[in-house]
1. Non-local amide H neighbours of Ser134 (under 5 Å, H modeled in plane, Pro and chain starts lacking H): which ones?
2. Could you tell me which GluC sites (Glu not before Pro) in region 116-157 are loop residues by DSSP with no more than 13 other beta carbons within 10 angstrom of their beta carbon?
3. When the Karplus curve 6.51 cos²θ - 1.76 cosθ + 1.60 is applied with θ = phi - 60°, which whole-Hz ³J(HN,Hα) does each residue of region 44-58 get, with x for Gly and Pro?
4. Highest mean first, what order results for 342-355, 158-171 on Cβ atoms within 10 Å?
5. Which stretch or stretches of region 93-132 have amide N atoms under 14 Å from the point lying 7 Å from His224's Cα along the Cα→Cβ direction?
6. Strictly over 21 Å apart at the Cα level, which of Lys23/Lys368; Lys23/Lys157; Lys69/Lys93 would you flag in this model?
7. Please report the net charge: other residues with Cβ closer than 11 Å to the Cβ of Glu230, K and R +1, D and E -1.
8. What's the ranking of 277-284, 314-321, 51-58 by average number of surrounding C-beta atoms within 10 Å, highest first?
Amino acid sequence: MYGDLRARLATTLQEIDNAGLTKYERRLATPQSAHIQTATAAGQAASLNFCANNYLGLADHPEVVAAAKASYDDWGFGMASVRFICGTQELHKDLEGAISDFLGMADTILFSSCFDANGGVFEVLFGEEDAIISDELNHASLIDGIRLCKAQRFRYKNRDMADLRAQLEAAKASGTRQMCIVTDGVFSMDGYYAPLPQICDLAEEYGALVLVDDSHAVGFVGEHGRGTHELFDVMSRVDIITGTLGKALGGASGGYVSGPQEVVDLLRQRARPYLFSNAVAPAVAAGSMKAIDLARNSDALRQQLDANKVLFRELMTQAGFDLLPGEHAIVPVMFPGEEGARTAAQIADAMLEQGVYVIAFSYPVVPKGKARIRVQLSAAHSQDDVRACVAAFVAARAQVTGS
Ligand SMILES: *Cc1c(COP(=O)(O)O)cnc(C)c1O
């Protein structure tokens, strides 16, 4: 009897639409890349893509594609099994080994996604005697994973070390067995880094573990692209790292938890998304291996990405746009104030018409009055692509605001 539910769902959908919050899927008619074709009412349009997490441009890299293709002959298409029954090939072990080696961790366990990695890790490691102290802007998957475990929950203001200390004090006062500080390495709406050295200092002072989700950093942040723990020179002080293969490292799918041996060993015994969900497909494992290999050995890709973000910031600042300060390949272009959300959306639309694809974010994804267009640079962009993006911003602003 669908009847009543149908009416309720239709009402909710209408409310979402009335609030201007409906999300649409724009269809790509090409592989993911800096230059894509998108489907439009009129047919296809060429776009320069500035909204993918394809930071190193590996999503359609010929060597990654070739490695995935070759894997079909050697390893077949699918595993049709979870890892511990008959879903583990040499490929999966090699990939786990490559990630551990890259991140400087004892061992790694793969999941189907980082969402699953974060969904599985907390419940296994922490019980009601423990406390998790979590940044308020952490990714949804960390929030959900923390909810799934019975530990006490404490939340601190985004990157606010005084508040982190206060929450650690509160957790300590409640007599917990083990505390764990949990943070994104990079906050994806702002491109801000978590202050890992200060977090590690506090962790040591209070005897807490540190877990960092480095999904928006692995492959391209830090001198060798190992991530935020390398950038901040705290590689031996971060206890557990979670991350994704679905962004800079080829962008296919898969996630992982890397950490001390006993942590990974126990996750293999108890983590529910690992025990009850299919193994990562062989082609994804093979392509991701190649992507990690390229990331480890391609200073050139990181240099191109760095040059692109420097050029973008410089030209946009010259053109009078309001950028959040920062160093990351995520560059938020701000449109503050009451009219900001509308302006940002109109500018993004006008830019798409000119062949530059960027996305505007407004409340509730970001705070009220802090609407923005989030630009994501890639090593796949040429410097001319970056200039074209800035030119489109300038033209769209003139068209929308008349200035
Ligand atoms: C993208 C992202 C995830 C989700 O990764 P998937 O592998 O796509 O599930 C988790 N955490 C953070 C911080 C992310 O940015």
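The values are calculated or read from the model by the stated rules, or taken from the named source; none is laboratory data. None of these values were measured; they are calculated from a predicted model. Positions of Cβ are backbone-derived with ideal geometry, glycine not excepted, and every protein chain shown enters the neighbour counts. Note: accessible area is taken over every heavy atom of the protein model, side chains too, but ligands, DNA and RNA are not part of it. Shrake-Rupley method; radii C 1.70, N 1.55, O 1.52, S 1.80 Å.
1. Placed amide hydrogens put Phe154, Arg155, Tyr156, Val182 under 5 Å from Ser134.
2. Numbers: sites: Glu123, Glu128, Glu129, Glu136; in loops: Glu128, Glu129, Glu136.
Of the GluC sites (Glu not before Pro), the ones in loops of region 116-157 whose Cβ has at most 13 other Cβ atoms within 10 Å are Glu128, Glu129, Glu136.
3. Per-residue couplings from phi come out as 10, 10, 7, 9, 8, 9, 10, 10, 8, 8, 8, 4, 9, x, 8 Hz.
4. Details: 342-355: 18.9, 158-171: 17.4.
Sorting 342-355, 158-171 by mean packing, highest first, produces 342-355, 158-171.
5. Once the point is set 7 Å along Cα→Cβ of His224, 98-106 turn out to lie under 14 Å by backbone N, inside region 93-132.
6. Working: Lys23/Lys368 19 Å; Lys23/Lys157 28 Å; Lys69/Lys93 19 Å.
With Cα atoms farther than 21 Å apart: Lys23/Lys157.
7. On the way: positive: Arg226; negative: Asp214, Glu223, Asp233.
Combined, the nearby Lys, Arg, Asp and Glu give -2.
8. On the way: 277-284: 21.0, 314-321: 13.5, 51-58: 23.2.
The most tightly packed comes first, giving 51-58, 277-284, 314-321.
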